Each structure stands twice: as C-alpha cells, then as structure tokens.
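Asker: Before we start, here is the structure in question, set down as structure tokens.
The values are calculated or read from the model by the stated rules, or taken from the named source; none is laboratory data. This structure is a prediction, so every number in the text was calculated from the model and none was measured. Positions of Cβ are generated from backbone atoms using ideal geometry, with glycine treated the same way; all protein chains shown enter the neighbour counts. Accessible surface is based on the protein model in full, side chains and every heavy atom, while ligands, DNA and RNA are left aside. Shrake-Rupley method; radii C 1.70, N 1.55, O 1.52, S 1.80 Å.
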Amino acid sequence: MGGAVSAGEDNDDLIDNLKEAQYIRTDHVEQAFRAIDRGDYYLVGYRDNAYKDLAWKHGNIHLSAPCIYSEVMEALKLQQGLSFLNLGSGTGYLSTMVGLIIGPFGVNHGVELHRDVVDYAKEKLDDFIKNSDSFDKFEFCEPIFMVGNCLEISSDSHQYDRIYCGAGVQKDHENYMKILLKVGGILVMPIEDQLTQITRTGQCSWESKNILAVSFAPLVQQNRAEGSKPDAVELPPVTVRSLQDLSRIYIRRTLRDLTNEESPDNGLVQRAPQKRKRRRCRRRRINTYVFVGNQLIPQAVESEEDELIEEEQHKEEQEAQEKEEERDIGSIEILKAVNVLRDKIMTLPLPESLKAYLLHYREK
C-alpha cells in the first residue's frame, strides 16, 4: 500500500512530498515527521527504499507507507497530555512520533504480537534517545512496548484518549476496539478496506468517518485448544511521574527556553532546503502547410530560432542548478549545528553526575 507521492532522496525530501500532496497538513505533525528519520527504522541494506511512499516488510518487521502514517497522525488530532494506545505497534516508528507531540505528561503504550519486533522497537527507541539531536528539541513521552495479542486485552484495562490499530479489523471486532476508547476520544483503524476515524461522542454513541482506501493484513487470532483460556494482556499502569522525573523535565524545559531565547533558530527542528525542480521546456514549433492530394494539411516544423532559444534556456537552467546545489550544500552545513541544549548543560558549574542526570540518557 502506498505510492501516492513521489520518492524522496532523504527524509526531508519525503516530508516535502507528503506536504505537497496534502497528506501532512499541520505544523506539529510535520515537525514530528522531520524529527524521526524513517530510514533509521529499516534494516541495514534496505535503507535505500526508506524514502519511497511504500510499505516495507522483512520477516515480522513491518512499516506502513508514509502516506498512511501521515493520514493517521493527522486523524488522531494529537495534543499534549493525551493517552495513546498503539495496537500492533511494530517498530515503534509511529509511537515515537506520537511521543514527541503528547509530551512528558502523556501516556504512550504499544502492544505487539511478535517478541522479536518488540525487541527491535526497544532498540530503535534507545538509539533515538541516546543519539538523536531531535530528542533534545522536544519534551518526549517514551513509549512502553508490550508483547501480546491486541485482541486479548484484559477487560478491566483503562481507556485511552487516542488509539490506532495497525492491522485490518474485522467487523465483529469493531465494538471491542471502541470500548477501549474514552468518551471524546478518537480511534483510527482500517476496517473493510477503509482507514476509518471513529470519535466516541458518548457512552454508547460514536461518529465514523472514512479517511482513505487501504489494504491491511488482518488482525491475527491465535488458535486455542478447546476449553483453554487465552492469556489476557495486562496493559501498563498509568502512574504519576516521580519527583525526580518532574525535576528533570522542568529544569530541561527552563534550559531549553533559555537557549531558544539566545539562539531562536536552534530551538526548532530545521529542515534541509527544498530542492529546486528543473522546469520542463517544450519546444515551440512553426506550422507549415503541404498539399496531400487535394487537401491542405498543417505540418509542424522545428524552427532554428526556437532551437537557439531552447539551448539558451538549457544553459541558464544548468547554471541556476549549479548555484542552487552550492547554496543547498552551504545550508546543510548550517543545519549540522551543535546541540545547544546539550552544550548548555555541559557548561553549567555543576557536578558531573548532575550533568549526566540532566542530559537524560544522552551519551557523552
């Protein structure tokens, strides 16, 4: 599923294409997509395909097409402090982007059937926290991933503000999904080949809206021996953050605000400059007329003047392209600026142990 937009050369190029095609429509969704490089979630040797608008699967590891994820992110209408449940959380790519938007006081849980995929998602999450500069430009709600079948969630589990299911839902499981949703919450899931947005408007009332025609593999229903009870999936508890966590959040927020005031541009998730697309020139033609039998037939003939004009245009475009490439290279170098929050922490007159605490898992 996918292929709705042109292939990109890198993550920013892909996001430019998704914006142009109106799959990404809001600033906070764009910022989240730019902060998380899709290629980082591909296995080594497959990264060349990361910026195509196509789904990818290798063994149990699976990523939906970028146009699907962008429609899901927009349809969820994410805000800070919301609780989110990802059913079929896979590599954690979507859950990590959601965590950048809902912030440290949100809840971010994922249920995935395959243990090897959960291990892969945890590895990618750890790499993002330790190595990505984007981590320091947001207040993040870390996802918690669990192994289990999302059709076997314990009946006494708490409800969520936002839910996404990344597998096809059969009609007889629709109500099961709806019950997991809080009143006023939004559920996005593929059902009957339509990506559907469901809003719970009351205890027993919902509103549905079809978003996009899709094709998803169906949810897996595990076969059980007759008379045996399925193992219920116990979702992680929703807990209050510790005083230590709260201290780190507010200190980092204060330092981030200070660095942003000193260097406003460094506080943003910057994007590489959009590449200028070369114009297509159409050769102008002069019509002449020839006799065929008793009929006068118009016939197109290239003019020497038009050929000269086209050569001049081609030369001008080549020069403009070379200048644009030089400008792009310079701009990209600017984007490789230092991590201002991290540098601010390192220059503070504090014990090394406290600096390490404020860096929040960052490698030195």
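Asker: Kirkwood Rh and Cα-based Rg: tell me the resulting Rg over Rh for segment 8-129, rounded to two decimals.
Answerer: On the Cα set of segment 8-129, Rg over Rh gives 0.93.
Asker: Right, next: Per residue, how much accessible surface does segment 1-70 expose to a 1.4 Å probe? Answer in Å², no decimals.
Answerer: For segment 1-70, the solvent-accessible area averages 44 Å² per residue.
Asker: Additional query: What order do VAL340, VAL220 take when sorted by accessible area (1.4 Å probe), most exposed first?
Answerer: If we order VAL340, VAL220 from most to least accessible, we get VAL220, VAL340.
Asker: With every protein chain present, what accessible area does GLU71 have (1.4 Å probe, heavy atoms only), rounded to the nearest 10 Å²?
Answerer: 20
Asker: Starting from 0.36 nm per residue, how many nanometres of slack lie between VAL220 and TYR250 once their C-alpha separation is accounted for?
Answerer: 6.6 nm
Asker: With a sphere of radius 14 Å drawn around the Cβ of ASP257, what net charge do the other residues whose Cβ falls strictly inside it have (Lys, Arg +1; Asp, Glu -1)?
Answerer: Charge balance near ASP257 sits at +1.
Asker: Let me ask another. Scattering from the C-alpha atoms of segment 68-239 alone, worked out with Debye: what is log10 I(q)/I(0) at q = 0.16 1/Å?
Answerer: Treating every Cα as an identical point scatterer, log10 I(q)/I(0) equals -0.95.
Asker: Let me ask something else. Expressed as a whole number of Å, what is the distance separating the alpha-carbon centroids of segment 146-210 and segment 1-33?
Answerer: 26
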